[in-house]
Amino acid sequence: MSMERQFVKRRIEELRKEIERHRKLYYEENNPEISDYEYDQLEKELRELEELYPEFKVKASPTETVGGTVTKGFTPVKHPVPLLSLDNVYNENEFKDFLLRLYKLIGTNDVDFVCELKFDGLSTALFYEEGKLVKGATRGDGNVGEDVTENVFTIKDIPKEISCKYKSLIVRGEVFISKEDFKKLNEQREEEGVPPFANPRNAAAGSLRQLDATITAKRPLSMFVYQILLSSELIPDTQFECLKQLKEWGFKVDDHSKLLKTEREIVDYYNYLTENRDNIPYDADGMVVKLNSIPLQNKAGNTAKDPRWAVAYKFPPEIGKTMIKDIVIQVGRTGALTPVAILEPVKIGGVVVSRVSLHNEDEIKRKDVRVGDMVQIERAGGVIPYLVKVFKEERNPDSRDFQFPETCPVCGSKIHQPEGEVIKRCPNRNCKAQIKEAIRHFASREGMDISGLGRVLIEKLVENNLINYLSDIYKLDEEKLIKLERMGEKSVKNLLSEIEKSKSREYSKFIYALGIRMVGEETASLLESHFPSIDDLIKAKEEDLTAIDGIGPKVAKEIVEFFKTEENLKMIDEFKNAGLNLKAEKKEAGPFSGLTFLITGTLSNMTREEAKSLLKNLGAKVGSTLTKETDYLIVGEKPGSKLTKAKSLGVKILNEQEFQKLLKNPELFLKVDR
Ligand code: IVH
């Protein structure tokens, strides 16, 4: 064999192995090492080499198969209709080739196309019988997927019942997590000391493919449906009409889809989407162009894995190459130490990126990141920059490993790493960095809502030692504030009046504002309804807390730990002395005392918050999870899985009209109903 052929053969083998390895990381472990773009480049290189040297091609080559298999623990589901993949094009020329090929196949160019977003999530099939959701399955390898029925039942966007009562209907769509929910989810994970997800797609995959569906239920998953895979009755004969039909039946259908005809129109729309992709609230990695006519789709047919009538026109990768100038440690509200790489600023997808989180020490080691390294940065999720890899071949031979400090860079305390967690923490609650973040949280809208107490002012207050503990906020006075740079009389007055107003905020807001680890707004409300004053809460034992539906052992431990700490108790005394409201409002006089309500779906006349406070004023408890103790479920539009569960638990269900009646005349209503 010639040298060149030998080289090609070796490269093909190498590529196959590498592709299989990355597929496993992506599909099975939800933890890819390289960006989608890099992965596509590997597949492309392999395809080109195999075309040039067909003698080296094997049947099991990744170019002939689709990634994704059934992971252990899941029941396999055979797809009645295979879930095909899509061929990719990356530029106008490649797209033109696709069009010409297709025109030739169908014998005409007088046709329309539907251009849809290519959502970056997890392809999933939903099975309906006589209008009822009966099964959900991941794509798997396209022929056999994983049974995720229990999991899909927990996703609020997925209708459990649709208006189409056909004997059987199977639809396909994409399960995903929006950019905003992804950001929140990762913040929460960092707080809990578990590794964050690299991007929304991994978060969605890791959340749907859970053997324990109660975990899926806690994740903010959504789903767009875009295809009717199988129907026992006749369906429209164009893709565009099918999308309309799906929407009418009750599915969530994306509204970026457009019916277009000429190459120019399609490319223009592609350019428009590319430029505006940052404004789309969910991740899309391209545009899917589909032949509109279904009879013509059938005429064009499929290859072993892709339809010949559709193509994924990928967006340019949002990646950039730059150098790491420094690695610094950032201290969060709960003391979490996050290493952050300071970059030589680089423009990626129109935005200048100058820093990227390295998340934790393990991540730095895994990627072997060093100061001075050239790195590839991707704006994962279109918003949050992410370090994809280090160009090790370009590394300065003198570079040294990053040494995580032993002490907090802000206060010098010895760093602590809780067992089983990847996050290191500064244990000193009085660390200035922690105090600043704690004040921000305390004063936030969801907390004590002190407007005017923003980042810049907090910085000054802490640096000038005017605030050392949260409770010092209530010791601020004119004399102290007026001395601060750029604080005029008027702003001092306004701030003091805002601080004064915050003293009468709801008790649950105060509990949230304390910033106890893992205690979010929902937990704070639960605590308010079970421990009507701060003294009751201080006395609570772990077992009292875990007895509450919705509070797990980890959260309970954090709460008890918080109120065991001398300093925190002292702080609470000071809050009491300052006259803060540390009690739940008395509600026992209301007609609904002793009753627990729960709200699901969207109400048309008021927000959920408004409904909650009306109910609470009537003495009711308003829960956040459905349990045997729930007395009434109020159902708005698009109710989630709670409705199905409520029916099975025998909870009384009220629609919005009935709820309105109840509010108007509670006594009478209850007499009839009880
Ligand atoms: S159509 C036969 N439409 O992209 C039709 N797919 O790279 C094939 N995807 O596995 C699928 N958005 O999970 C289609 N609007 C969309 C899509 C979409 C995302 C995913 C799908 C597929 C992958 C192919």
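The values are calculated or read from the model by the stated rules, or taken from the named source; none is laboratory data. Just so it is clear, the structure is predicted and the values come from calculations on it, not from any experiment. Don't worry about glycine lacking a Cβ; one is built from the backbone with ideal geometry, like all the others, and counts go over all protein chains shown.
Note on region 120-137: residues that are in contact with a Phe, Trp or Tyr (Cβ under 8 Å, 6 or more places away or on another chain), assigned to a strand (DSSP E or B) and within 14 Å of the ligand (Cβ to nearest atom) total 2.
Which of (1) more than 22 Å from the chain's Cα centre (by Cα); (2) away from the ligand (no atom under 16 Å from the Cβ); (3) without any contact (Cβ under 8 Å) to a residue 60 or more places away in the chain is the odd one out, the single condition Cys242 does not satisfy? Unmet condition: (2).
Taking the criterion of being among the hydrophobic types (A, V, I, L, M, F, W, C), within 11 Å of the chain's Cα centre (by Cα) and more than 15 Å from the ligand (Cβ to nearest atom), the only residue of region 199-220 that qualifies is Ala203.
Output the residue which, of all residues in region 307-330 that are within 16 Å of the ligand (Cβ to nearest atom) and outside any loop (DSSP other than H, G, I, E, B), is nearest to Glu187 (Cα to Cα). Going through the qualifying residues, I end up with Lys314. Quick one: would you say Gln41 is of a type in the set (S, T, N, Q), over 30 Å from Ile228 (Cβ atoms) and surrounded by 14 or more Cβ atoms within 10 Å (Cβ to Cβ)? In short, yes. Please go through region 82-105 and pick out each residue that is more than 28 Å from Pro32 (Cβ to Cβ) and either within 8 Å of the ligand (Cβ to nearest atom) or buried (at least 18 other Cβ atoms within 10 Å of the Cβ) (or both). Correct list: Leu99, Leu102. Comparison of Glu446, Glu421, Glu437 shows that the only residue that is closer than 30 Å to Arg201 by Cα and buried (at least 19 other Cβ atoms within 10 Å of the Cβ) is Glu437. Of the residues making up region 186-240, those that are closer than 30 Å to Ser293 by Cβ, of a type outside the set (Ser, Thr, Tyr) and outside any helix (DSSP H, G or I) number 12. Among the residues of region 650-662, write down those that are surrounded by 14 or more Cβ atoms within 10 Å (Cβ to Cβ) and either in a loop (DSSP other than H, G, I, E, B) or among the hydrophobic types (A, V, I, L, M, F, W, C) (or both). Passing the criteria: Val651, Ile653, Leu654, Phe659, Leu662.
Within region 587-621, the set of residues being outside any strand (DSSP E or B), touching a residue at least 60 places away in the same chain (Cβ under 8 Å) and buried (at least 19 other Cβ atoms within 10 Å of the Cβ) comprises Phe592 only.
With the checklist (1) without any contact (Cβ under 8 Å) to a residue 12 or more places away in the chain; (2) closer than 23 Å to Glu378 by Cα in hand, flag the one item Met3 doesn't pass. Failed condition: (2).
Looking only at region 256-283, residues that are charged (D, E, K, R), within 14 Å of the ligand (Cβ to nearest atom) and in a loop (DSSP other than H, G, I, E, B) come to 1 in all.
Filtering region 284-306 to residues that are within 10 Å of the ligand (Cβ to nearest atom), in a strand (DSSP E or B) and surrounded by 18 or more Cβ atoms within 10 Å (Cβ to Cβ) leaves Ala284, Asp285, Gly286, Met287, Val288, Val289, Lys290. Restricting attention to region 551-570, the residues that are farther than 18 Å from His530 by Cβ and surrounded by 17 or more Cβ atoms within 10 Å (Cβ to Cβ) total 1. Just one of the listed residues (Thr108, Thr71) is at pLDDT 80 or above and either part of a strand (DSSP E or B) or more than 16 Å from the ligand (Cβ to nearest atom) (or both), and it is Thr108.
The sole residue among Phe510, Phe562, Phe531 that is more than 21 Å from Ala433 (Cβ to Cβ), of a type in the set (Phe, Trp, Tyr) and more than 27 Å from the chain's Cα centre (by Cα) is Phe531. Among the candidates Val171, Val144, single out the residue that is of a type in the set (Val, Ile, Thr), within 16 Å of the ligand (Cβ to nearest atom), in contact (Cβ under 8 Å) with a residue 40 or more places away in the chain and touching a Leu at 6+ places or on another chain (Cβ under 7 Å). Being of a type in the set (Val, Ile, Thr), within 16 Å of the ligand (Cβ to nearest atom), in contact (Cβ under 8 Å) with a residue 40 or more places away in the chain and touching a Leu at 6+ places or on another chain (Cβ under 7 Å) holds for just one of Val171, Val144, which is Val171. If you go through region 213-233 and pick out every residue that is of a type outside the set (S, T, N, Q) and modelled with pLDDT under 95, you end up with 6.
Taking each residue of region 634-660 that is more than 12 Å from Leu598 (Cα to Cα) and modelled with pLDDT of 80 or more and looking for partners that are among the polar types (S, T, N, Q) and surrounded by fewer than 16 Cβ atoms within 10 Å (Cβ to Cβ) with beta-carbon atoms closer than 8 Å, six or more apart or interchain, yields Glu637/Thr602; Glu637/Ser604; Glu656/Ser604; Glu656/Asn605; Gln660/Asn605.
No other residue among Arg355, Arg333 is over 30 Å from Thr274 (Cβ atoms) and either among the basic types (Lys, Arg) or part of a strand (DSSP E or B) (or both) apart from Arg333.
On the given criteria, is Glu28 closer than 26 Å to Asn199 by Cα, crowded, with 16+ Cβ neighbours inside 10 Å and more than 15 Å from the ligand (Cβ to nearest atom)? Yes.
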